[in-house]
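The block underneath contains the structure these notes are about, expressed in structure tokens.
The values are calculated or read from the model by the stated rules, or taken from the named source; none is laboratory data. Remember, it's a predicted structure, so these values are computed and weren't measured experimentally. Every residue, glycine among them, receives a Cβ derived from its backbone with ideal geometry; neighbour counts consider all protein chains shown. Ligands, DNA and RNA are stripped out before the accessible areas are found, and what is left, the full protein with its side chains, is counted by its heavy atoms. Shrake-Rupley method; radii C 1.70, N 1.55, O 1.52, S 1.80 Å.
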Amino acid sequence: MNKQTELFMTDTLPGSGTPGGKAVGTSYAHESAYLHVTGEATYTDDIPELQGTLHAALGLSQKAHAKIVSIDLSKVQAVPGVVAVLTAADIPGENQCGAIIRDDPVLAEDLVQYIGQPIFVVIANSHDTARRAARLGVIEYEELPPILTPRAAHAAQSYVLPPMHLQRGDAATAFAAAPNKLQGKFDVGGQEQFYLEGQISYAIPKEGSGMHVHCSTQHPSEMQHHIAHVLHVSSHDVLVECRRMGGGFGGKESQSALWACVAAFSAARLRRPVKLRADRDDDMIVTGKRHCFAYDYEIGYDNNGLILGARIDMISRAGFSADLSGPVATRAVCHFDNAYYLSDVEIHAMCGKTNTQSNTAFRGFGGPQGAIAIEYIIDEIARNLGKDALEVRRINFYGSSDGDGPDARNVTHYGQKVEDNIIHALVDELEATSEYQARRNAINAFNASNTILKKGLALTPVKFGISFNVPHLNQAGALVHVYTDGSVLVNHGGTEMGQGLNTKVAQVVAQALGLQLDKVRCTATDTSKVANTSATAASTGTDLNGKAAQHAALQIRDRLASLAAQRFGVEVASIRFADDKVSSGAHSIDFQELVMLAYTARIQLWSDGFYSTPRVHWNSKTMQGHPFYYYAYGAAVAEVVIDTLTGEWKLLRADALYDAGEALNPAIDAGQVEGAFIQGMGWLTTEELWWNKDGKLMTHAPSTYKIPAISDCPADFRVKLFKNSNVQDSIHRSKAVGEPPLLLPFSVFFAIRDAVAAVGNNRVNPPLRAPATSEAILDAVDAVRAAIQ
Ligand code: MTE
Ligand code: MOS
């Protein structure tokens, strides 16, 4: 047994790696866990460099909005070790790497639109030389007025895309007629992805017009297309490969393009391998982040807290170009309901064009920004009515019946019927296991007898739509090879970024062929093996690639089953694949032996596989359709204590319950829930992006940008998977887990708000912005004190 196998055999669940065990549903360790912890796992920067490899660095704009008057790169060129300095004029093909709209130049030509926009490339014999030389460019600008915030963009009608609009019923009339009304504003900050491995590409010119690019990317196919356009070659000339990323979190879905294109065109130009690796500061200054959002809302509700009419404007900070801002805004609009039925609703979503980094995907992809708005609103309604927010949440939940018509309260504002609603049962279970009511009473007692420290508690739900809301992206391919020694190699279009995709896909293939997991290995994602793949995003990696790999494996299994049936003289239907054997009744043969027989009989032992998600459709004009194959659900309870003198706070306990359906790998899924919870908590509390008045991002390193540390994790952290089965025919009836748990720490934010409200005996709504930094908490405490006086 090799070390990896030992590690796979965790004893958390019965059946792992043992005869009769099931490959799916078992808590195997991550396929690279051993390599990760020993430091052996190869990331792009670890690939041994070929002789002659050069290193590139980017020269960046120092102005947020300006015309370029002149560029003088003579000092850069003069640095010993600098081999070349390239500008947009040196790009052989199109100077463009926009994800959807062609508004994203690789290198700025005569206009710069944010501080940090790349203008030129220095290529030198060392990384350090390239970086130092890049600072010596002399650029003369003619400054233009910058727009820096979403509200300023909205005031100037400055958008990267036309505004979106979704309406159901008549929210204005419902608002006018409602017995209670709420009007307000809320602001939520953005978030840096902070993948541990920064953006990187290593481009190696091949014979003729060939180019091989190792790239840390969630989207190898799109990188291939961009590189082909930039080099003015065909897609078949370009091979993009990614073995693994040290995290992507959405930041490498579209924005790996700049790095891939620059490395590739530099390599093509110099006919030498070129590596472009971003240092953390450059990575943070150059690349886009989670969109911050500003909201203005008007809500009518009854005396129980039932929402009767909801109108909201959502304005995001798109940055200087469209990138993925359109789909992010669409997902925000489609998640404004979170788990709640909104009968009469009107949403306007605007992607504000600002002179800042072009914001992009980040875990949840706008879903968190849509859902937190309704949670903020419900939190306000509850306090206005003197009720526990959980009670108000409950009465607004989607109905759990399958009936039709408005009474069933089960159709979303975008027209999709919610067919799998389990939020009632899930929240009931969590309320009980977290001892919510008893702790609520204990906290009330604590707050009554403490003036400086205040505690807060909140339970928040999540409903999250799974699928790309651009229907054609919901497709995947795979290639499965069975070698004559019985080992299996799997290639699929998804990318591994730590989330465990390759482990789960290997489990699916092992299950299909009745093999132990260590017989199956997934290799690097490679555009020459599976073509035209979608990004590994929208949490669909396993749903799509698992099904495609299963489709491939089952074709091989069918061929092997026919051969075995022939040999045993039995019906094909009676053939079983389990425990590395193929059997029927008393007949049995080792998988490997049967494979060898199949080879000799000239039977194809490899297969491709394909999957496209059924049922999904979407009309982007009306914003109506069935964009999601199914919903994943969850809920969390957080208890915090705040210090009203310093604004410091601590998460004392967190309970999370998540619906992963029939979990393919419960340990990996629980890990995803924990990671997403802490990451989402960082977004809503300590992670604050701050631009100065000139538009320069000042928080561009961990010294000034505070992601959660181990000491911020709650000492008491209880993560559980909810017992459920996907009602849709997903891969082994599992559900996606990558993004939805990022919404679970809404509970932390609202627990902090609950604690702040205790300063005013819960009579006033604290104006708490997100992130709830210590400063924001103190501001909210002051506002509550002022309001009650
Ligand atoms: N987990 C780790 N460890 N690293 C990551 O970069 N990205 C998240 C999530 N979990 C990420 C992660 C995001 S943004 C998505 S969309 C999903 O994983 C993508 O993978 P999946 O579809 O295979 O779940
Ligand atoms: Mo995830 S934001 O969909 O890459």
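Here are a few things to note about the model shown:
- Region 391-435 - percent of accessible surface contributed by carbon and sulfur, probe 1.4 Å: 49
- When the trypsin sites (Lys or Arg not before Pro) in region 532-617 are filtered for DSSP coil states and for at most 11 other beta-carbon atoms within 10 Å of their beta-carbon, the remaining sites are ARG602.
- Rounded to the nearest Hz, the phi-derived 3J(HN,Hα) couplings of region 568-576 under the Karplus curve 6.51 cos²θ - 1.76 cosθ + 1.60 (θ = phi - 60°) are 7, x, 10, 6, 4, 4, 8, 6, 10, where x marks glycine and proline.
- Residues of type aspartates and glutamates that LYS581 reaches as a straight line, Cα spacing below 12 Å, ignoring anything fewer than 8 places off in the same chain: ASP590, GLU593
- Inter-label distance for THR42 and SER703, nm, one decimal - labels placed 7 Å from Cα along Cα-to-Cβ: 3.5
- Rounded to the nearest 20, the Cβ-based charge dipole of the chain about its Cα centre (Lys and Arg +1, Asp and Glu -1) stands at 160 debye.
- Among beta bridges from DSSP that stay inside region 291-428, the antiparallel ones total about 55%.
- Percent of Cα pairs in the chain per distance bin of 10 Å, from zero to the largest separation: 3, 13, 23, 24, 19, 12, 5, 1, 0.
- When the C-alpha to C-alpha distance is required to be over 20 Å, the pairs from LYS275/LYS529; LYS63/LYS706; LYS547/LYS720; LYS289/LYS353 that qualify are LYS275/LYS529; LYS63/LYS706; LYS547/LYS720.
- With both residues required to sit in the chain, DSSP beta bridges show an antiparallel share near 80%.
- Of every Cα-Cα pair in region 311-469, the percent that sits beyond 27 Å: 36
- Judged by the gyration tensor of its Cα atoms, with axes a ≥ b ≥ c, region 594-676 is oblate; a/c meets the 1.5 cut and b/c is at least as large as a/b.
- Counting only protein heavy atoms and a probe of 1.4 Å, the accessible surface of region 222-342 is 45% carbon and sulfur.
- Counted by Cβ distance under 12 Å from ASP103, the other residues give a net charge of 0, where Lys and Arg count +1 and Asp and Glu count -1.
- With the simple spin-label model, which puts each label point 7 Å out from Cα in the Cβ direction, the ASN304 to GLN437 separation comes to 1.8 nm.
- Placing unit charges on each Cβ (+1 for Lys and Arg, -1 for Asp and Glu) gives region 545-615 a dipole about its Cα centre, and among TYR611, GLY569, PHE591 the Cα reaching farthest toward its positive end belongs to TYR611.
- Across GLU109, GLU207, the residue with the most accessible area heads the list, and the full order at a 1.4 Å probe is GLU207, GLU109.
- Shown here is the pair-distance distribution of region 414-544: with all Cα-Cα distances grouped in 10 Å bins from zero up to the longest one, the shares run 10, 25, 21, 19, 15, 8, 2, 0 percent.
- The apolar share of the surface of region 95-160, taken as the fraction of accessible area on carbon and sulfur atoms (1.4 Å probe, ligands and nucleic acids excluded), comes to 51 percent.
- The mean accessible area for residues of region 189-314, using a 1.4 Å probe and ignoring ligands and nucleic acids, is 26 Å² per residue.
- Projecting the Cα positions of LEU501, ASN491, ASN421 onto the charge dipole of region 366-518 (unit charges on Cβ atoms of Lys, Arg, Asp and Glu, taken about the Cα centre) puts ASN421 furthest along the positive direction.
- Accessible area per residue (1.4 Å probe, heavy atoms of protein chains only) ranks ASP296, ASP590 as ASP590, ASP296, with the largest value leading.
- Here the Karplus curve 6.51 cos²θ - 1.76 cosθ + 1.60, taken at θ = phi - 60°, turns the phi angles of region 58-65 into couplings of 9, x, 10, 5, 9, 10, 6, 7 Hz, with x standing for Gly and Pro.
- Positive-end residue of LEU664, HIS219, GLN679, charge dipole of the chain with Cβ unit charges: HIS219
- GLU49/LEU144 FRET efficiency (R0 25 Å; Cβ-Cβ; nearest 0.05): 0.05
- Residues of region 738-781: accessible area per residue with a 1.4 Å probe, Å²: 22
- Accessible surface, per residue, of region 613-710 when the full set of protein chains is kept, probe 1.4 Å, Å²: 36
- The slack in the chain from SER562 to ASP694, taken as 0.36 nm per residue of separation less the alpha-carbon distance, amounts to 40.5 nm.
- Each residue, LEU597 and ALA156, gets one label point 7 Å from its Cα in the Cβ direction; the gap between the two is 7.4 nm.
- Residue-normalised convex hull volume from the C-alpha trace of region 448-523: 208 Å³ per residue.
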